[in-house]
Amino acid sequence: MRKIHITGGLYLSDIALGHSGRGTADKREEAFRIMDRYLALGGDTFDSARVYSDGEADRAFGQWLRSRGVARESVRYVTKGSFPPPDRMEVSRLSSAEIARDLDESLALSGLNFSDLHLLHRDDVRIPVEALVPRLDALVRTGKTRAVGVSNWTAPRIAEANAFAHANGLTSIVCSQLLFGLAQTTPAATGDLTHVVMDDAERTWYLDSALPVMCFGTQARGWFAACAAGKAPKESPKQYYDRLPENRRRLARLTVLAQALGQPMPAVLLAYVRDCGLRSSALISFSGVAQLEEALRTDAFRLAPAQIAYLERGGTAAERFDPLSATEEVNP
């Protein structure tokens, strides 16, 4: 896997592993096998959050490291905190005490001394960046994390926060997580208005700023896989993606391109996020090792700009990627 430079000596894999059920007791053994295989295939970036399984995802990560004898310096541990109460998403948890406590609890549960990257899981635009940036800066200065970032923050808020950080010699936001993949959706469709989705304006800003971004929703929660198999999507992906007609058109083009490349659809979906021009790490979880291995076939190919454009907008032909620079046109 390629590495995405974040800051200083910190790099993340261009495909990052989500919690993959490791916080659930009856799924832990398989989750550990998934982490074993991900590491063996060259990945080193593990995403977690204090809210995942009420901290059990953090605990399980530490248990996996110790049970496998994996050196702490060989992996990247991404933590997230300050998630609102799940039944009251409008309530922020961004005080200095809450920010520090969530990271402290993640570290205590994992048994680790620091995270490589700690993210604020949500924003509250009522709190000025002049108050939030020093709270993030304190996490780095105390050595509890190597770097800080945000999840579900808009580009203008990140830009405002970093302008303040730079002007005052404070730690800046060096990475962001938001919802992005080939399938289109909106916060209204997801039912969570605190989600930030990669729309055209956000994407332009990330291209211009070159801020690294970790993208969740890369597999559309299984919506593409279910529809391609002629099955009804589960309720969550149906709510997120079913009502937007463009997603059916993108599914048709994805099917054509995957067949032309001779690659499984999950691998092409990951490649789309990785190769779209952003400094991106595709965040994904797996239910089993076989699913992981299918998706990580993405390491065997790269999508050309014309193929990205085809997936997004269609056209008369899609280029077939060839590492030896040969191309073959495929009529959709």
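So, Y206, is that one in contact with a Lys or Arg (Cβ under 7 Å, 6 or more places away or on another chain) and of a type in the set (S, T, Y) or not? The answer is no for Y206. In segment 1-56, how many residues are of a type in the set (S, T, N, Q) and assigned to a loop (DSSP other than H, G, I, E, B)? Of the residues in that region, 3 qualify. On inspection, E246 passes the criterion of being over 20 Å from the mean Cα position of the chain (by Cα) and either modelled with pLDDT of 95 or more or polar (S, T, N, Q) (or both). Taking the criterion of being touching a residue at least 12 places away in the same chain (Cβ under 8 Å) and either more than 20 Å from the chain's Cα centre (by Cα) or surrounded by fewer than 17 Cβ atoms within 10 Å (Cβ to Cβ) (or both), the residues of segment 66-83 that qualify are R66, S67, R68, V70, R72, S74.
Just so you know, in segment 19-43 the residues that are under 21 Å from L107 (Cβ atoms) and in contact (Cβ under 8 Å) with a residue 40 or more places away in the chain include one that is farthest from the chain's Cα centre (by Cα), and it is R22. The residue that is surrounded by the most Cβ atoms within 10 Å (Cβ to Cβ), counting only those in segment 84-111 that are aliphatic (A, V, I, L, M) and at pLDDT 95 or above, is L103. Of everything in segment 196-221 that's touching a helix residue (DSSP H, G or I) at 6+ places or on another chain (Cβ under 6 Å) and in a helix (DSSP H, G or I), which residue is least open to solvent (accessible area, probe 1.4 Å)? Of everything passing the filter in segment 196-221, A220 is least open to solvent (accessible area, probe 1.4 Å).
Residue under question is L193, and the condition is that it be in contact with a helix residue (DSSP H, G or I) (Cβ under 6 Å, 6 or more places away or on another chain), in a loop (DSSP other than H, G, I, E, B) and open to solvent by 20 Å² or more (accessible area, probe 1.4 Å); does it hold?
Values: in contact with a helix residue (DSSP H, G or I) (Cβ under 6 Å, 6 or more places away or on another chain): yes; in a loop (DSSP other than H, G, I, E, B): yes; open to solvent by 20 Å² or more (accessible area, probe 1.4 Å): yes.
So L193 fits the description; yes.
Considering segment 165-185, the residues that are open to solvent by 50 Å² or more (accessible area, probe 1.4 Å) and without any contact (Cβ under 8 Å) to a residue 40 or more places away in the chain include one that is nearest to S281 (Cα to Cα), namely H166. Here are R50, R72: which of them is out of contact with any strand residue (DSSP E or B) (no Cβ under 8 Å at 6 or more places or on another chain) and of a type in the set (K, R)? Of R50, R72, the one residue that is out of contact with any strand residue (DSSP E or B) (no Cβ under 8 Å at 6 or more places or on another chain) and of a type in the set (K, R) is R72. Taking (1) modelled with pLDDT of 95 or more; (2) surrounded by fewer than 22 Cβ atoms within 10 Å (Cβ to Cβ); (3) in contact with a helix residue (DSSP H, G or I) (Cβ under 6 Å, 6 or more places away or on another chain) in turn, E319 satisfies each apart from (1).
The values are calculated or read from the model by the stated rules, or taken from the named source; none is laboratory data. Being a predicted model, the structure only gives us computed values, none of them experimental. Glycine also receives a Cβ, built like all others from the backbone with ideal geometry; neighbour counts cover every protein chain displayed. Quick note on the areas: whole protein, heavy atoms, side chains included, nothing else; ligands and nucleic acids left out. Shrake-Rupley method; radii C 1.70, N 1.55, O 1.52, S 1.80 Å.
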